[in-house]
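These notes concern the structure reproduced below.
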């Protein structure tokens, strides 16, 4: 298994990533932009989601491509950040074509609950934050941990965060994930004091922190709707909407391996899949092999693995904010 050059969502050709972070408010926004559009799918497994435009991604519905996906803090208030992304994209002329050279940018979004973790209970999030995240977008590496949508995130009683990871398949296709971890469940195995899926590490990506065995704090008491892990998986392969939705489904396996429990009544766990359509899927020979089905299986497997690794990287990179204690600050066994 080999990571991409940056071990990041930006390893997928055709995707830019940007963030806006307000540490004082303990809240932020992350955006993945696809200037040429990307085929998209989504799968919602948690029981307390906060989302926008997910119905549009169903394979039976009209729109084939999206121009961006937003991951945001701020719960129901945070979804307003997508308005700023829409207007920023419209100024670029990126979107579904309309009359008189106008466009309608298609921007699905998902929000996590981080209210009450900053200077005021409701952060001053709005369209300006979304527009600023777009202005900050690029193809380079980006910081992980307490940034963007992961700024005010909390996971299993400790500080959550934003993570990313990528994999280059033997076929030459690239698969990647970006995730904001704000889960009710924990990534830490209390028996070993290490992340449940630390064995998934690629090329030393977890660093020295990944080798630590820690004394975990007691998990937070369950509070309805105050969690949610939201993420994006992406590939440079040519996919249909149905295939993109299937890969989003498979990517949830990576979330369930890394966070225990996942998809609870108090989480709104949501994963989007973006396909930038740069490379054809390889065919599989044989009478009983559905065309390209094996390639979709392999992308889905890689998407799940990248999601697991991105979750761990996000927690390990996080730094404490206010009363939230980070993994790096936990006592070593």
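Remarks
- Residue 325 out of contact with any helix residue (DSSP H, G or I) (no Cβ under 7 Å at 6 or more places or on another chain), surrounded by fewer than 24 Cβ atoms within 10 Å (Cβ to Cβ) and modelled with pLDDT of 95 or more: no
- From the options 172, 152, residue that is at pLDDT 95 or above, in a loop (DSSP other than H, G, I, E, B) and on the phi > 0 side of the Ramachandran plot: 172
- Residue match in the stretch 225-241 (condition: assigned to a helix (DSSP H, G or I) and either modelled with pLDDT of 95 or more or under 13 Å from residue 305 (Cα atoms) (or both)): yes
- For residue 94, the stated conditions hold: it is in contact with a strand residue (DSSP E or B) (Cβ under 9 Å, 6 or more places away or on another chain) and either over 16 Å from residue 23 (Cβ atoms) or not in a helix (DSSP H, G or I) (or both).
- Inspection of the stretch 133-146 finds no residue satisfying the criterion of being in contact (Cβ under 8 Å) with a residue 12 or more places away in the chain, farther than 29 Å from residue 37 by Cβ and out of contact with any helix residue (DSSP H, G or I) (no Cβ under 9 Å at 6 or more places or on another chain).
- Condition met for residue 319 (touching a helix residue (DSSP H, G or I) at 6+ places or on another chain (Cβ under 9 Å) and in a loop (DSSP other than H, G, I, E, B)): yes
- Picking from residues in the stretch 185-202 that are part of a loop (DSSP other than H, G, I, E, B) and under 21 Å from the mean Cα position of the chain (by Cα), the one that is surrounded by the most Cβ atoms within 10 Å (Cβ to Cβ) is 187.
- Matching option when the condition is within 17 Å of residue 162 (Cα to Cα), touching a strand residue (DSSP E or B) at 6+ places or on another chain (Cβ under 6 Å) and either surrounded by 24 or more Cβ atoms within 10 Å (Cβ to Cβ) or at pLDDT 95 or above (or both), among 142, 113: 142
- Restricted to strands (runs of 3 or more DSSP E) entirely inside the stretch 1-84, no element has at least 3 residues that are at pLDDT below 95 and over 16 Å from the mean Cα position of the chain (by Cα).
- Among residues of the stretch 242-276 being within 16 Å of the chain's Cα centre (by Cα) and part of a loop (DSSP other than H, G, I, E, B), the one that is surrounded by the fewest Cβ atoms within 10 Å (Cβ to Cβ) is 263.
- Some residue of the stretch 203-215 being touching a helix residue (DSSP H, G or I) at 6+ places or on another chain (Cβ under 8 Å) and either free of Cβ contacts under 8 Å to residues at least 24 places away in the same chain or closer than 25 Å to residue 265 by Cα (or both): no
- Answer from 123, 108 - the residue that is crowded, with 22+ Cβ neighbours inside 10 Å, under 22 Å from residue 236 (Cα atoms) and at pLDDT 95 or above: 108
The values are calculated or read from the model by the stated rules, or taken from the named source; none is laboratory data. Because the structure is a prediction, the values reported are computed rather than measured. When we count neighbours, we look across all protein chains shown, and the Cβ atoms used for this are built from the backbone with ideal geometry, even at glycine.
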